[in-house]
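A quick write-up on the structure given underneath.
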Amino acid sequence: MKFAGRTDIGLQRLTNEDCYAILNLQDGAVVALVCDGMGGECGGGIASSIARDIIIDKLTGGYNSAMSGSEIEELLKSSVRTANSEIYQRAKNDISLDGMGTTAVIALVNESVSHIVHIGDSRAYLCSEGKLYQLTRDHSVVQDMVEKGVIEKEEARIHPRKNLITRAVGIELDPCIDYMNTSANREYNSADGQKLLLCSDGLTNCCEESDITKILQNDEISLEQMCDELINCANKNGGVDNITAVLLRL
């Protein structure tokens, strides 16, 4: 499986509180994640780094190719809970880190099935046969408003409360973590040429889905170049936040 990732500070932030990781596991499986930190002068970067390191450590040490889908789901959720506990305690023990937390979107791909857990508003998308499917649901104030019919989907990207999330890693003791896998829907069944995108909201708040789709459809460029093009697109449209994109060719 081929993969690539890029992160960028953007044009308006002084630090980059996003981070990502991509690793090969046994028997051709791959794990990838994106975290987008928040809180305090430096807490966001600390929270996202803690989450990345703990989650990757738990997954590389706990995964084996004989695991069932439900066992993979529990391993993924357990890794997030472990990271959550560490970030929560660090924030309680250090007043300068009070309120720190991070989003997380994690994909473990094996045997053409993508197992995904997420918390917050970092997203997973599948690009297949010229269409872009959002696999995750944002845990955010504006997403709740869209679902209640208060605002339209198109308004969410420019709404003044667009950065307020309703769930995060490290904010409460027992976070609710969502899981999905692409084998549950025939439309998502993996096939040659499909691409899985994990990204922070610095990308999705600045790029139209049509622009993301156009970039991911261009098979004349490498995955690394696609990541660069995605970040360039976000920066051309303001670069108001840190931007991270991870791509896997399934």
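The values are calculated or read from the model by the stated rules, or taken from the named source; none is laboratory data. All values derive from a computational prediction rather than experimental measurement. Backbone-built Cβ (ideal geometry, glycine too); neighbour counts: all protein chains shown. The protein model used for the area step is the full one, side chains on, heavy atoms only, and it has no ligands, DNA or RNA in it. Shrake-Rupley method; radii C 1.70, N 1.55, O 1.52, S 1.80 Å.
Taking the alpha-carbon distance from K195 and a cut-off under 17 Å, which lysines remain once sequence neighbours fewer than 8 residues away in the same chain are dropped? The reachable lysines, counting only those whose Cα sits under 17 Å from K195, are K2, K131, K214.
Partner lysines whose Cα lies under 17 Å from the Cα of K77, excluding those fewer than 8 positions away in the same chain, are identified as K58. Put simply, the Cα atoms of the range 1-108 extend 43, 32, 16 Å along their principal axes, the longest span coming first. Bridging of K92 to aspartates and glutamates at a Cα separation below 14 Å is possible for E172, once same-chain residues fewer than 8 apart are set aside. By its C-alpha gyration tensor, with a ≥ b ≥ c as the square roots of the eigenvalues, how is the range 149-250 shaped: rounded for a/c under 1.5, else prolate for a/b larger than b/c, else oblate? It is oblate, given that a/c is not under 1.5 and a/b is not larger than b/c. Please tell me the relative contact order of the range 105-240 in percent, rounded to the nearest whole number, where contacts are Cα pairs under 8 Å and at least six residues apart. It rounds to 29 percent for the range 105-240. Any chance you could tell me what percent of the C-alpha pair distances in the chain go past 25 Å? Pairs farther apart than 25 Å: 39 percent.
Taken about its Cα centre, the range 1-131 carries a charge dipole of about 120 debye when Lys and Arg each add +1 at the Cβ and Asp and Glu each add -1 at the Cβ. Comparing mean-square fluctuations of D53, D201, D219 from a GNM of the chain with C-alpha springs under 10 Å, the top value falls on D219. Heavy atoms of the protein chains alone define the surface here; on that basis the range 49-122 has 39 Å² accessible area per residue at 1.4 Å probe size. Relative contact order of the range 1-44: 30 percent, from C-alpha pairs under 8 Å at least 6 residues apart in sequence. The sum of -39500 (n - 2.57) across all DSSP H runs of n ≥ 4, divided by the residue count of the chain, sets its helix-only mean residue ellipticity at 222 nm to -10500 deg cm²/dmol. Is the shape of the range 55-180 best called rounded, prolate or oblate, per the rule: a/c under 1.5 gives rounded, else a/b larger than b/c gives prolate, else oblate, with a ≥ b ≥ c the square roots of the Cα gyration tensor eigenvalues? Here the range 55-180 falls in the oblate category.
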